[in-house]
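One structure below.
The values are calculated or read from the model by the stated rules, or taken from the named source; none is laboratory data. On a predicted model such as this, the values are computed, not experimentally measured, just so you know. All Cβ positions, even for glycine, are placed from backbone atoms using ideal geometry, and neighbour counts span all protein chains on display. Each accessible area value is taken on the protein alone, full model and side chains, heavy atoms only, with ligands, DNA and RNA left out. Shrake-Rupley method; radii C 1.70, N 1.55, O 1.52, S 1.80 Å.
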Amino acid sequence: MAERSGFASYHELREPFRNALVSSTELIKSSEWLESLRENGELGQAQADASVNTLAIVHRSLESQSHEQLTRVSEMLHRAENVYLTAFRASYALAYYFHYAGRMALPSLQLIPHHMNNAIDELNNANDQDVMIAITVTPYSRETIEACKFALQKDLRLIMISDSELISTEFTPDESLVASVLSTHRFGYFSGIMAIIETLLAMLVKMGGEQAVERINSYEDLRNKNNAYWIAQKNISFKATAYLILVNLHTLRFEKSGFRPF
């Protein structure tokens, strides 16, 4: 189609449509802080352009997600016996965060592959009661595509989080959550995909109810008991020490009353 339309490649054909999807709103363009950035030479211009692009991508990516679809996806994940999550290369960072936070609300969530295995190995015992989430953006990882095809062969339901609904002519996912990754540099922007992941996490926590909140709190308590967070030792005044003691007393009072801050 690209050649018949006079374009040199598929990517050249797709570019005008991608630009239209992330066209920035007048509100973003007219922000004073962005205009002030543009007054700082070439680097200021680059920072402003990247900022506008990021805001537009997040806005358009979230705007394109229907409540009905995200509800279907959330319910599908909660009903599944196992939820496998896979991604490779740069997309792996997104999958790692999704798993790190999501497993507290969704204990069935598993990040694959484990320990340098192949994702297909991890799916060997999967069945039609399971779901796989795959995260990938162009150029699509061969390992991810092969894992998707294998998952469908095993009758898993497949959810794609990507930059396109059409990734391969060899398979069709059950659900596709599409974000824009249009970039001002040579690498794709992941801010749109991250916004979708954050929204999905919020819905999973809400759907999980009190059990999800209790699991999140148990993880936090475990980290505090094992000193997981570094706290700087500072020389502080007597007044500052007294203030911290009062803050801790108020926190304990809230916890005794049943209130647990995140």
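Before moving on, here are some points about what is shown:
- Gyration tensor (alpha-carbon) shape descriptor, the stretch 52-109, a/c threshold 1.5: oblate
- Between the amide H of Lys154 and any residue lying 5 or more places away or on another chain, no distance stays under 5 Å, with hydrogens modeled in the peptide plane.
- Basic side chains Lys and Arg get +1 at the Cβ, acidic Asp and Glu get -1 at the Cβ, and with that the dipole of the stretch 84-150 about its Cα centre reaches some 240 debye.
- FRET efficiency, Thr138 to Ser31 (Cβ-Cβ, R0 35 Å, nearest 0.05): 0.75
- Under 5 Å from the amide H of Leu177 lie the amide H atoms of Met160, Ile161, Ser162, each residue being 5 or more positions distant or on a separate chain, with H modelled from the backbone and absent for Pro and chain starts.
- For the pair Tyr97 and Glu165, the difference between a 0.36 nm per residue extended length and the Cα-Cα distance amounts to 22.2 nm.
- Other-chain or far-sequence residues with amide H under 5 Å of Tyr84's (modelled H): Gln110, Val131, Met132, Ile133
- Protein accessible area in the stretch 94-199, 1.4 Å probe - carbon and sulfur %: 49 percent
- Loop-located GluC sites (Glu not before Pro) in the stretch 112-201 (DSSP state not H, G, I, E or B) with no more than 14 neighbouring Cβ atoms inside 10 Å: Glu165, Glu170.
- The trypsin sites (Lys or Arg not before Pro) of the stretch 154-200 that DSSP puts in a loop, and whose beta carbon has at most 10 other beta carbons within 10 Å, are Arg186.
- In sequence order, the stretch 222-229 has phi-based couplings of 4, 5, 5, 5, 9, 6, 5, 9 Hz under the Karplus curve 6.51 cos²θ - 1.76 cosθ + 1.60, θ = phi - 60°, and Gly or Pro positions carry x.
- Average accessible area per residue (Å²) across the stretch 95-203 - probe 1.4 Å, nucleic acids and ligands excluded: 46 Å²
- Additional length obtainable on full extension of the chain from Asn40 to Asn248, 0.36 nm per residue less Cα span: 70.4 nm
- Whole-Hz couplings from phi, Karplus 6.51/-1.76/1.60, listed for the stretch 192-208; x for Gly and Pro: x, 5, 4, 5, 5, 4, 4, 5, 5, 4, 4, 5, 5, 5, 4, 5, x
- Lys225 versus Thr172: modelled label distance in nm, points set 7 Å from Cα along the beta carbon direction: 5.0 nm
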